[in-house]
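Take a look at the structure set out below.
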Amino acid sequence: MTTITTTTAGHGFWHIAYLGFCALVFAFLIAPILVIVPLSFNAEPYFTFTEGMLRLDADAWSLRWYRQIVEDEEWSRALANSLFIGVSATVLATALGTLAALGLSNPAMPARRFATGLLISPMVTPVIISAAGMFFFYSNLGLAQTHLGLILAHAALGTPFVVITVTATLAGYDQNLSRAAASMGAGPLTVFRRVQLPLIAPGVVSGGIFAFAASFDEVVVVLFMGGIEQRTIPRQMWSGIREEISPAILAVAVFLIVFAVLFLLTVEWLRRRNAR
Amino acid sequence: MEGSGRPYVEYRKVSKSYDGKTTVVDDVDLDIRKGEFLTLLGPSGSGKTTCLMMLAGFETPTSGEILVDGRSIQNLPPRKRGIGMVFQNYALFPHMTVGANLAFPLEVRGMDRGQCRERVERALQLVQLEGFEHRRPGQLSGGQQQRVAIARALVFDPELVLMDEPLGALDRRLREEMQYEIRRIHKTLGVTVVYVTHDQQEAMVMSDRIAVLRDGRVEQVADPETLYEEPQRSFVARFIGENNRLHGKVMGIEGDICEVFVGGEIIEAIRIAPCQVGDAATLSIRPERVAVSPKSGLYTNEMVALIEDITFLGDYLRLRVTVCRTSDFIIKIPNTVGHGALLAGDKILICWTPTDCRVLDPETEGEGE
Ligand SMILES: Nc1ncnc2c1ncn2[C@@H]1O[C@H](COP(=O)(O)OP(=O)(O)O)[C@@H](O)[C@H]1O
Ligand SMILES: [Mg+2]
């Protein structure tokens, strides 16, 4: 009995220490991101809180940086580029990744492990190496500094996410459903469209979201491969930081954070739906 | 059963190996008649599912061929075979309602909506699930899901329906109810059913004929009564119903009757296996065909048995005795006046006719079970 009392006391102390430690980790991870949000409403062109802001003066806060990025042609083009490249790369990556996952989940497929490893490799290779390799390879094909080139490059980076999420959902898919559908007279395409795809859709969609996010915040490949015409939002921020330090990029950053949170919520919602 | 003419499904020397080493289905020859309820019965791993999957088209035979209606279906993909299938885990589409599940095979065939609805309704009626169209499979009990699966396999009027242990996941009472239901549906529609189970009682209750499988081989194909009364192989005798087995050596053969030496006694038995004098053999006799005889000289086979224990089961008594140096020999005797005097440890005279005792292929002692 005594031992139990001591351990409970000890447990109480360690539990509080543990909670404190967790809070510190969270603060360390999140504070740099959260601090951007109020700073983006700065009325002055500084990256620091002005005295007015700290006093909560209404004049010290403004939406001028938001207005600026909405009105600025370069930022609009960057957004258009990001969306166009991101969406195209996502469509490609989702289609190819889903097909690959279907093939790789077939026990009859030869060299499954090798093929899986190859497809996943862009995820573990340092991006700078992929980017440099792609740059030389795509230059020879005349694809460097084109939208198509960036779309293909981003699709290659996004595919592993789709392969992984779809393979995971396929593991829970009962192959007898496909057999049942076939026995009822459905051709392979009908089986896929009406039975398999609806059931693995959560995996396909979350893979697509990850692929889109991978393209949307990618800067290294764009630095190597993109010209002026292909500047995406991260690339524009990169120049923003280097050339003209302005809180406009903080406003963009807030946009991106909101995007990211929405993505994560969607993925989590899909995961729960799938778990049911 | 039409019986006449050509069988509807023919397995011709069908063998299957998944890995090229072990033969899972071994040289199976099997005829299935139009309209009959045929059951593939065997212990788990005996190749029943593989046999069924080859007929459905999801596996291809390594050698041999399968004919349906006299035509080889070797190169026909599953979707063109027009065979209804019921899976053990139901395989209902969870994202579709019951109605959509049933309509699926009809829509795939391009049937128009009105006709589709009518068929779906009729199928639901058949399995007594009217009014369940709008439910999802997840909202149904196991038994109801099974009914939907059966309705879905039948809704497009296939001539042949395959069922792979469809009742395996249900509890006993529901299983018995569904056995009856499936029988009724089979009788109503007259469709040919190939049914798979490892439960011999289920097979006996439901089937017109049973094919007993063991290690990928067909041991015997017969109607339930013949299978019970006249097993051709010791495995069948052991697998169907309760059975006593005595291991001995053939001493003499006279026409149909063999004399077999078992544990110091000579037993006369009917010869089924093609045995020779000197061969090892297994004798098989049903517990209810053994009589306790009040006086000697009643039958040719008379043995002294030692009662080990007696179980009272209401309408009959079950004795466990040692006879011919074989323990665990079971005797069932009707509970009639006079048997009340039997006690464990008593020595009694038991007997049976030679025709009830069958000489089968030798079974290595302790094999099985
Ligand atoms: N797809 C498969 N690949 C490899 N071996 C298999 C496969 N399906 C079944 N087997 C093997 O074949 C044997 C027979 O299996 P099965 O036909 O499922 O028997 P049953 O249905 O009578 O239990 C088993 O030993 C099983 O392990
Ligand atoms: Mg099986």
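Let me make sure I get this right: for the range B:32-92, a, b and c are the square roots of the gyration tensor eigenvalues over alpha carbons, sorted descending. Under 1.5 in a/c it's rounded, otherwise prolate if a/b > b/c, else oblate. Which is it?
The shape class here is rounded.
For chain A, with a Gaussian network of springs between Cα atoms less than 10 Å apart, report the residue from A:ILE129, A:ILE209, A:ILE164 with the top mean-square fluctuation.
Ranking A:ILE129, A:ILE209, A:ILE164 by mean-square fluctuation puts A:ILE129 first.
Quick one: 3J(HN,Hα) in Hz for the range B:150-164, Karplus 6.51/-1.76/1.60 with θ = phi - 60°, rounded, Gly and Pro as x.
After applying 6.51 cos²θ - 1.76 cosθ + 1.60, I find 5, 4, 5, 6, 9, 4, 9, 6, x, 8, 9, 10, 10, 10, 9 Hz.
Determine the dipole magnitude for chain B: charges of +1 sit on the beta-carbon of Lys and Arg, -1 on that of Asp and Glu, nothing else is charged, the reference point is the Cα centre, and the result goes in debye to the nearest 20.
1220
So for the range B:1-45, Kirkwood radius off the Cα pairs, Stokes-Einstein at 20 °C and 1.002 mPa s: how many µm² s⁻¹?
174
Averaging over all projection directions, find the projected area of the Cα convex hull of the protein assembly as shown and quote it in nm² with one decimal place.
48.9
Quick one: of B:LYS13/B:LYS48; B:LYS21/B:LYS48; B:LYS16/B:LYS187; B:LYS16/B:LYS249; B:LYS48/B:LYS187, which pairs are farther than 26 Å apart, Cα to Cα?
Going by Cα-Cα distance, B:LYS16/B:LYS187; B:LYS16/B:LYS249 fall outside the 26 Å limit.
Using C-alpha positions alone, give me the convex hull volume of the range A:1-149 per residue in cubic angstrom.
About 266 Å³ per residue, rounded to a whole number.
Residue-wise, which Karplus ³J(HN,Hα) couplings in Hz belong to the range A:217-225, taking 6.51 cos²θ - 1.76 cosθ + 1.60, θ = phi - 60°, and x for glycine or proline?
Using θ = phi - 60°, the values come out as 10, 8, 10, 5, 4, 5, 4, 6, 9 Hz.
Ignore the peptide's own chain and count Cβ atoms of other chains within 10 Å of each Cβ in A:195-201; give me the average, rounded.
That works out to 2 on average.
Rounded, prolate or oblate for the range A:57-131? Axes are the square roots of the Cα gyration tensor eigenvalues, ordered a ≥ b ≥ c, and the cut-off for rounded is a/c under 1.5.
Prolate, since a/c reaches 1.5 and a/b exceeds b/c.
Using a Gaussian network for chain B with springs between C-alpha atoms less than 10 Å apart, which of these wobbles most: B:ILE307, B:ILE285, B:ILE240?
Evaluated over chain B, the most mobile residue of the options is B:ILE307.
At a threshold of 8 angstrom on Cα-Cα distance, excluding pairs fewer than six apart, so keeping six or more, what relative contact order does the range A:74-245 reach in percent?
Normalised by residue count, the contact order of the range A:74-245 is 40 percent.
Using 0.36 nm times the number of residues separating B:GLU230 and B:ASP157, minus their current alpha carbon distance, what extension gain do you get?
22.6 nm
Compactness ratio of the range B:244-360: Cα Rg over 2.2 N^0.38 Å, N = residue count?
1.07
Which stretch or stretches of the range B:242-262 have amide N atoms under 17 Å from the point lying 7 Å from B:THR353's Cα along the Cα→Cβ direction?
B:256-258
Picking from B:THR188, B:THR60, B:THR49, which is most flexible by a Gaussian network model of chain B using Cα springs under 10 Å?
Taking springs between Cα atoms under 10 Å, the residue moving most is B:THR188.
DSSP beta bridges in the protein assembly as shown, what fraction antiparallel, as a percent rounded to 5?
The antiparallel fraction comes to roughly 75 percent.
Once phi is turned into θ = phi - 60°, what whole-Hz ³J(HN,Hα) does the Karplus curve with 6.51, -1.76 and 1.60 give for every residue of the range B:76-86, x standing for Gly and Pro?
Calculated HN-Hα couplings, in order: 8, x, x, 5, 9, 7, x, 9, x, 10, 10 Hz.
Computed over the Cα atoms, what is the radius of gyration of chain B divided by 2.2 N^0.38 Å, N being its residue count?
For chain B, the normalised Cα radius of gyration comes out at 1.19.
Could you state the per residue volume, in Å³, of the convex hull enclosing the Cα atoms of the range A:74-245?
In the range A:74-245, the Cα convex hull volume per residue is 128 Å³.
Please find the FRET efficiency linking B:ARG173 to B:GLN201, where r is the Cβ-Cβ separation and R0 is fixed at 22 Å, and quote it to the nearest 0.05.
0.95
Set the Förster distance to 45 Å, then compute FRET efficiency between B:PHE312 and A:PHE114 from the Cβ-Cβ distance, nearest 0.05.
0.10
How high is the relative contact order of chain B, in percent, with contacts defined as C-alpha pairs under 8 Å that are six or more residues apart?
Contact order relative to length: 15 percent.
Within the range A:226-254, whose backbone N sits under 12 Å from a point 7 Å along Cα→Cβ of A:ALA260?
A:253-254
Under the rule of -39500 (n - 2.57) per DSSP H run of 4 or more residues, summed and divided by the residues of chain B, what mean residue ellipticity at 222 nm is obtained, to the nearest 500 deg cm²/dmol?
Computed mean residue ellipticity for chain B: -7000 deg cm²/dmol.
What is the set of long-range amide H partners of B:ILE253 at a cut-off below 5 Å, with H atoms built 1.01 Å from backbone N?
B:GLU259
Quick check on chain A: helices-only [θ] at 222 nm, where DSSP H runs of length 4 and up contribute -39,500 (n - 2.57) each and the sum goes over total residues. Nearest 500, please.
Result for chain A, helices only: -25000 deg cm²/dmol.
The numbers here are math on the coordinates, done by the rules we state, and not lab data. All of these numbers come straight from a predicted model, not from anything done at the bench. All Cβ positions, glycine included, derive from the backbone under ideal geometry; neighbour counts span all protein chains shown.
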